[in-house]
Amino acid sequence: METLKKSLPDKLVGCLQCAQRVVVLTGAGISAESGLPTFRGDGGLWKKYKADDLASLDGFLQKPDVVWEWYEYRRSIYAHARPNPGHLALAEMGKFYADFTLITQNTDGLHLAAGSENILELHGSLHRNRCHLCGKLYPEQVVSNGQVPPRCGCGGMLRPDVVWFGEPLSPSILDGALRAASEAQVFFSVGTSALVQPAASLPLAAKKRRAVLVEINIEPTPLSPAADFFLEGKASEWLTLIKEVLQ
Ligand code: OAD
C-alpha cells in the first residue's frame, strides 16, 4: 500500500489515462462536504441514533410513526444539500470514460444532482417511498391525509425506498454492481468505511480480477491494506485533482 499526501503518482496517472473501464464506489464520506452527516464517524448518525430502531423492518413495524418522522427529518436536511466538488468531479470523470459505473451506498441523490449517469444506488433513494405491503413506488412528497406514515391505495404503510439492515439489495442493481466490479480496470472506493456488506466486497471482487484498487478516505479503513493506492484526505480534493489530470 502506497500512502500519498499531495500529488498523484505518475504510475496512477498512467493507469487513469489508459483505462477504459472504471468503477467508483462511494459512501457517506463523499457527501460529508455537502454538510450531510456520515454514519459511523464523529457526529455520525449511528452514534446518536440506534440503527436497529430506525433502519430495520422490525423497528418500522414497532414504531412506524417514529421511523417515518425520522426519515422526514433527514429529508428536510437533505433538501438543502448541494453536490460538492467531489460529486461534480465524478460527473466529469464519467464523461471521460466510455465505460464508467458509479456505484453508491448513498441515498441522498447528490450524484444524480451533480449530473452523473450510469449510477447504481445500492441502498435505494430517500427521494422515493414505497408501500410496505404491495411494493408500489411513490415520490418523496406524498399526501398524508393526516396519517403517519401515509398509506398506499392498498392500505399498506409507506416507507422510504431505502435498504434497511437485514433486507436484501435489489438483485438487478447488485448484479450490475458485481458485473461492473469484475470488469473494472480501475476501481475507486471513496468515502466509505468499507464495513457494510455486500458493498464492501465489491472493491475486493475488482481487485481479484486484477483491477487497480484506489481508496480515497480521510483515514484508513479495513480495505486500505488491499489498496494499490491510498489517497489520504478529502474526497473533493483528490477527485478534483484526478479530474484535472484527465482533462
Ligand atoms: P460510514 O459513516 O460508515 O463511513 C464514512 C466514511 O467516510 C469513513 O470511512 C470516513 O473516514 C470517510 N470520510 C468522512 N469524510 C470524508 C471526506 N470528506 N472525504 C473522504 N472520506 C471521508 O458511511 P458508509 O461507508 O457510506 O446503509 O456506510 C455504509 C452504509 O452504512 C450506509 O449506506 C448506510 C449505513 O448504515 C444503509 O443505510 C443501508
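Quick note: the coordinates plus some simple rules give every number you see, no bench work behind them. What you are looking at is a predicted structure, and each value in this text was computed from that prediction instead of being measured. Counting neighbours? That spans all protein chains shown, and the Cβs are built from the backbone with ideal geometry, glycine included.
Can you list the aspartates and glutamates whose alpha carbon sits under 13 Å from that of LYS11, skipping same-chain ones fewer than 8 residues off?
GLU2, ASP228
Sort the range 15-97 into rounded, prolate or oblate with this rule: let a ≥ b ≥ c be the square roots of the eigenvalues of the Cα gyration tensor; rounded if a/c is under 1.5, and if a/c is not under 1.5, prolate when a/b is larger than b/c, oblate otherwise.
Because a/c hits 1.5 or more and a/b exceeds b/c, the range 15-97 counts as prolate.
What spacing in nm lies between the two simple spin-label points modelled at VAL142 and CYS154, each 7 Å away from Cα in the Cβ direction?
The two pseudo-label positions are separated by 1.2 nm.
Select from VAL212, VAL143, VAL67 the residue whose mean-square fluctuation is largest in a Gaussian network model of the chain (Cα-Cα springs shorter than 10 Å).
VAL143
May I ask you to give the average projected area over all directions of the convex hull of the Cα atoms of the chain, in nm² rounded to one decimal?
Taking the Cα atoms of the chain, their convex hull projects to 12.8 nm² on average.
Is there a quick way to get the dipole size of the range 100-204? I mean about its Cα centre, with the Cβ of Lys and Arg at +1 and of Asp and Glu at -1; what is the value in debye to the nearest 20? Kindly include the intermediate steps, with their values, before the conclusion.
Values: 6 positive and 8 negative charges, 74 e Å.
Here the size comes out at about 360 debye.
In square nanometres and to one decimal, what's the mean projected area of the convex hull around the Cα atoms of the range 180-222? Intermediate values should be presented prior to the final figure.
Values: hull surface 10.9 nm².
Directional mean of the projected Cα hull area for the range 180-222 stands at 2.7 nm².
So how strong a dipole does the range 28-152 carry about its Cα centre when Lys and Arg Cβ are +1 and Asp and Glu Cβ are -1, to the nearest 20 debye?
240 debye
Using a Debye calculation, one point per C-alpha and no hydration shell, please list log10 I(q)/I(0) for the range 162-247 at q = 0.16, 0.17, 0.19, 0.24 Å⁻¹ in order.
Each listed q maps to, in turn, -0.67, -0.75, -0.91, -1.20.
Along the positive direction of the dipole of the chain (beta-carbon charges: Lys, Arg +1; Asp, Glu -1; about the Cα centre), which of LEU195, PRO160, GLY115 reaches farthest?
The residue sitting farthest along the positive end of the dipole is PRO160.
Compare the Cα positions of GLN105, VAL13, PHE60 along the charge dipole of the range 1-141 (+1 at Cβ of Lys, Arg; -1 at Cβ of Asp, Glu; about the Cα centre) and return the one farthest towards the positive end.
VAL13
Roughly how big is the chain's charge dipole about its Cα centre, with Cβ charges of +1 (Lys, Arg) and -1 (Asp, Glu), in debye to the nearest 20?
So the dipole magnitude of the chain works out to roughly 180 debye.
Scan the chain and note any complete DSSP helix (H) whose C-alpha atoms cover at least 15 Å along its axis and whose Kyte-Doolittle average is -0.5 or more. Numbers along the way, then the final one.
Details: long enough: 64-78 (21 Å, -0.98); 85-96 (16 Å, 0.24); 171-183 (18 Å, 0.18); 235-246 (16 Å, 0.72).
Membrane-span-like by this rule: 85-96, 171-183, 235-246.
Tell me which of LEU223, SER182, THR26 sits at the most positive position along the dipole axis of the chain, charges placed on C-beta atoms (Lys, Arg +1; Asp, Glu -1).
So the residue we want is SER182.
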